[in-house]
């Protein structure tokens with residue numbers, strides 16, 4: 001017998017269920033309990049970069065919006081730097097932008113919004129430049145294991161065309177499922193997205 | 001890059017360049033790096049999806065319309081995946097890990113007083129320090145404090161049902177609560193959830209993000225739960241069941257259950273001078 005490897009096994013995932021708000025966004029469950037709460041507002045007064053709103057829905061296989069879904073986003077700052085010690089790139093990082101937020105969908109419309117800044121391009125470990133993007137993690141009742149996807153930006157056509165991850169998506173027609181559309185509304189920049197869990201427009205999800 | 005360097009060096013001397021060869025790409029600056037070869041790239045072990053529930057698990061009916069049907073696109077960990085949000089004690093309040101007191105209005109909540117404790121580890125067995133663990137649950141009667149829960153069991157005026165903790169340097173966490181009750185739900189007409197506590201864990205990188213549920217040793221509803229039985233691997237299911245831990249109980253006060261959580265393993269630390277497990 002060879003030597004045993006003795007790795008542990010990852011704990012199995014279970015659905016977040018319909019009442020995920022209690023633990024993660026208690027105000028949405030209808031009560032106030034913590035002194036400090038996490039939110040969908042990533043931007044702070046001192047954060048550098050273009051102020052943007054991300055606004056979207058998650059649709060099920062019937063095309064109906066999930067009204068009990070929770071999204072988390074994780075992104076680099078405007079300099080393309082993640083606020084984490086494992087990012088050893090050169091861009092400046094500070095306490096004014098954590099780069100993470102969470103939002104529950106509206107119980108009526110299913111709309112999910114984040115107030116953040118547009119991230120800069122990052123450099124991957126092979127030295128390749130990656131188009132600006134926001135990492136998304138999705139949990140809800142009926143979702144057995146959190147879904148990972150990304151949002152890219154419609155006004156970054158050249159960077160998107162060269163992005164090493166977007167270029168892995170086959171067939172290429174599916175790449176557009178990852179691109180949020182820029183518009184301006186009352187002077188504010190809004191990027192709109194739709195995440196389709198199923199169907200001909202099914203969003204690309206990643207096994208990261 | 002090591003391989004291509006070796007290949008370049010092993011090319012026979014005097015080999016001529018083919019006429020159609022392109023100009024050589026500029027030399028990768030990392031080839032001049034003084035850093036020695038290291039397996040420590042900070043990436044996570046590939047997730048073993050055979051121990052997780054599949055997205056489409058028709059016995060759990062809500063998954064039918066909410067399960068992606070295309071294959072997931074597998075991508076190697078980049079800086080986007082090996083990094084993740086960093087939390088600290090400033091994010092928490094002093095009662096956040098005490099569900100018996102953090103919503104108490106005029107007394108303690110009703111129910112069996114319990115302590116839940118354990119370690120957050122990764123697949124290498126290292127503790128995951130300073131990581132945020134969040135938990136939520138129904139009250140002792142199986143009722144959630146949530147505006148969408150309509151179960152006839154009453155809410156407890158002294159119980160909120162949520163809390164959070166930051167693991168210590170060894171990955172250890174603990175909290176105090178009351179044991180949640182089982183409750184009925186609309187899957188089959190007589191489906192009941194075993195008593196459980198929901199857990200949300202971050203780890204050090206966003207690719208380790210995990211939500212799961214802890215169950216209680218001896219609960220007869222466990223083997224017939226349509227959500228628990230989405231897990232295809234018997235051992236993986238058993239690892240969600242916390243044993244009674246009498247040694248950790250407080251005599252004449254609270255029983256205790258032990259629940260260790262394992263996140264994806266990490267090939268290593270980011271910096272040679274950082275403690276292991278980061």
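Quick notes
- Test result for residue B:46, modelled with pLDDT under 55 and either in a loop (DSSP other than H, G, I, E, B) or at the interface with chain A (Cβ under 10 Å from one of its Cβ atoms) (or both): no
- Residue selected from segment A:157-201 under the condition in contact with a helix residue (DSSP H, G or I) (Cβ under 7 Å, 6 or more places away or on another chain) and part of a loop (DSSP other than H, G, I, E, B), by the criterion surrounded by the fewest Cβ atoms within 10 Å (Cβ to Cβ): A:201
- Residue in segment B:247-262 that is within 12 Å of chain A (Cβ to nearest Cβ) and not in a loop (DSSP other than H, G, I, E, B) present: yes
- Candidates A:174, A:150, A:141, A:182 - the one that is facing chain B (nearest Cβ under 10 Å) and closer than 19 Å to residue A:49 by Cβ: A:150
- Some residue of segment A:11-19 being more than 7 Å from every other protein chain (Cβ to nearest Cβ) and either outside any loop (DSSP other than H, G, I, E, B) or in contact with a strand residue (DSSP E or B) (Cβ under 9 Å, 6 or more places away or on another chain) (or both): no
A quick yes/no check of all residues on (1) within 11 Å of chain A (Cβ to nearest Cβ); (2) modelled with pLDDT of 95 or more; (3) part of a strand (DSSP E or B); (4) touching a strand residue (DSSP E or B) at 6+ places or on another chain (Cβ under 7 Å):
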position	(1), (2), (3), (4)
B:145	yes, yes, no, no
B:148	yes, yes, no, no
B:160	yes, yes, no, no
B:175	no, yes, yes, yes
B:203	yes, yes, no, yes
B:218	no, yes, no, no
B:237	yes, yes, no, no
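- In segment B:94-117, the residues that are outside any loop (DSSP other than H, G, I, E, B) and surrounded by fewer than 21 Cβ atoms within 10 Å (Cβ to Cβ): B:98, B:113, B:115, B:117
- Matching residues in segment A:75-93 - criterion: being within 9 Å of chain B (Cβ to nearest Cβ), under 15 Å from the mean Cα position of the chain (by Cα) and in a loop (DSSP other than H, G, I, E, B): A:76, A:82
- When segment A:122-156 is filtered for residues that are surrounded by fewer than 23 Cβ atoms within 10 Å (Cβ to Cβ) and modelled with pLDDT under 95, the ones remaining, listed by number, are A:123, A:124, A:125, A:126, A:127, A:128, A:129.
- Count - residues of segment B:102-140 that are away from chain A (no Cβ under 12 Å) and within 20 Å of the chain's Cα centre (by Cα): 5
- Test: residue in segment A:114-124 that is more than 16 Å from the chain's Cα centre (by Cα) and more than 30 Å from residue A:89 (Cα to Cα): no
- Unique match (being more than 8 Å from chain B (Cβ to nearest Cβ), in a helix (DSSP H, G or I) and over 26 Å from residue A:186 (Cα atoms)) among A:1, A:28: A:28
- Residue in segment A:94-112 that is surrounded by 18 or more Cβ atoms within 10 Å (Cβ to Cβ), within 9 Å of chain B (Cβ to nearest Cβ) and touching a helix residue (DSSP H, G or I) at 6+ places or on another chain (Cβ under 7 Å) present: no
The values are calculated or read from the model by the stated rules, or taken from the named source; none is laboratory data. Remember, it's a predicted structure, so these values are computed and weren't measured experimentally. Neighbour counts run over all protein chains shown; Cβ positions are idealised from the backbone, glycine included.
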